[in-house]
Amino acid sequence: MKPHQYYIIYKPFQVLSQFSAVENKKILSNYFSVEKDVYAVGRLDYDSEGLLILTNDKSLNQKLLHPSHQHVREYWVQVEGSITNEALLQLQRGVQISVDGKLYNTKQAIVKILHEPFVPERNPPIRFRKNISTSWISLQLTEGKNRQVRKMTAAAGFPTLRLIRSRIENISLNQMQPGDIISLSKASIYKKLFNEQ
């Protein structure tokens, strides 16, 4: 049996988290060349960017996505406006968002202001407006509802302009740039994700 493959990538902005072609949209194979049976674990929205795990290890996929394993995901979020302490507290405690047409209270999160984070240029860049300031925050979640981060910041009154997933448990982007790929061993990825030796 051939060994499983494990990669971490920096998914660029406006790329779908899949290898199968979709008309007029960029997909992972436009940037990454991997074995045919390798796929993305979980997903990042088309208009989000950052850390994504690729593998052909089905047990990793099941373990990571199972609701009993509440793994921490950290997002760096650029929002419109100068974010207030009140909004930060709201996000920490949980806000009400719509999930599948029903109201849902998000779980408690860890939220911090980021001062000038090191992030790559985005292509295309966000629309710059001189008279409207922006803020960066770090948002750590243990759940991943559809478009949750965007819905949360909007509910707190600060719409998301740019969204980067920077970390999953102990795997982080560090200095990776959009389009970068790094191969990891099984031992390394299981230790970083599940603290398994």
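Here, each number is a calculation from the coordinates, and none is a lab measurement. In this text, all values refer to a predicted model and were calculated from it rather than measured experimentally. Cβ: placed from backbone, ideal geometry, glycine included. Neighbour counts: every protein chain shown.
Hey, what number do you get for the chain at 222 nm if only DSSP H runs of n ≥ 4 count, each worth -39500 (n - 2.57), divided across all residues, to the nearest 500? Walk me through the numbers before you get to the answer.
Numbers: 4 runs with 34 residues, N = 197.
Using -39500 (n - 2.57) per qualifying helix, the result is -5000 deg cm²/dmol.
DSSP loop GluC sites (Glu not before Pro) in region 1-96 with at most 13 other Cβ atoms within 10 Å of their Cβ, which ones? Let's see the in-between values first.
Working: sites: Glu23, Glu35, Glu49, Glu74, Glu80, Glu86; in loops: Glu23, Glu35.
For GluC sites (Glu not before Pro) across region 1-96 that sit outside H, G, I, E and B with at most 13 neighbouring Cβ atoms in 10 Å, the list reads Glu23, Glu35.
One quarter of the convex hull surface, Cα atoms only: what value does that give for the chain in nm²?
Values: hull surface 49.3 nm².
For the chain, averaging the hull's shadow over all directions gives 12.3 nm².
Only Lys, Arg, Asp and Glu count, each charged at its Cβ (+1, +1, -1, -1), so figure out the dipole size of region 82-153 about its Cα centre, rounded to 20 debye.
Working: 12 positive and 5 negative charges, 47 e Å.
Once rounded to the nearest 20, the dipole reads 220 debye.
I'd like the trypsin sites (Lys or Arg not before Pro) in region 68-127 restricted to DSSP loop residues with at most 16 other Cβ atoms within 10 Å, sorted by number.
Details: sites: Arg73, Arg93, Lys102, Lys107, Lys112, Arg122, Arg127; in loops: Lys107, Arg122, Arg127.
When the trypsin sites (Lys or Arg not before Pro) of region 68-127 are filtered for loop state and at most 16 Cβ neighbours within 10 Å, Lys107, Arg122, Arg127 remain.
Of the trypsin sites (Lys or Arg not before Pro) in region 1-45, which ones lie in a loop per DSSP and count no more than 10 other C-beta atoms within 10 Å?
Qualifying residues, ordered by number: Lys36.
What list of ³J(HN,Hα) values in whole Hz, one per residue of region 168-176 in order, does the Karplus curve 6.51 cos²θ - 1.76 cosθ + 1.60 (θ = phi - 60°) give from phi, with Gly and Pro shown as x?
10, 6, 9, 9, 10, 5, 6, 9, 4
Between region 74-145 and region 23-47, what's the alpha-carbon centroid distance in Å?
Going from one Cα centre to the other spans 25 Å.
Return the subset of Lys26/Lys186; Lys63/Lys107; Lys58/Lys151; Lys63/Lys102; Lys11/Lys151; Lys11/Lys107 for which the Cα-Cα distance in this structure is over 23 Å, preserving the input order.
Values: Lys26/Lys186 29 Å; Lys63/Lys107 21 Å; Lys58/Lys151 30 Å; Lys63/Lys102 27 Å; Lys11/Lys151 21 Å; Lys11/Lys107 26 Å.
Exceeds cut-off: Lys26/Lys186; Lys58/Lys151; Lys63/Lys102; Lys11/Lys107.
Starting at the first residue of region 134-149, write each ³J(HN,Hα) from the Karplus equation 6.51 cos²θ - 1.76 cosθ + 1.60 with θ = phi - 60°, in whole Hz, x for Gly and Pro.
10, 9, 10, 10, 9, 10, 9, 10, 10, 9, x, 6, 4, 6, 4, 4
Please give the length that would be gained between Lys192 and Lys130 if that part of the chain were fully extended, namely 0.36 nm times their separation in residues minus their C-alpha to C-alpha distance (nm, one decimal).
Contour length minus Cα-Cα distance gives 18.2 nm.
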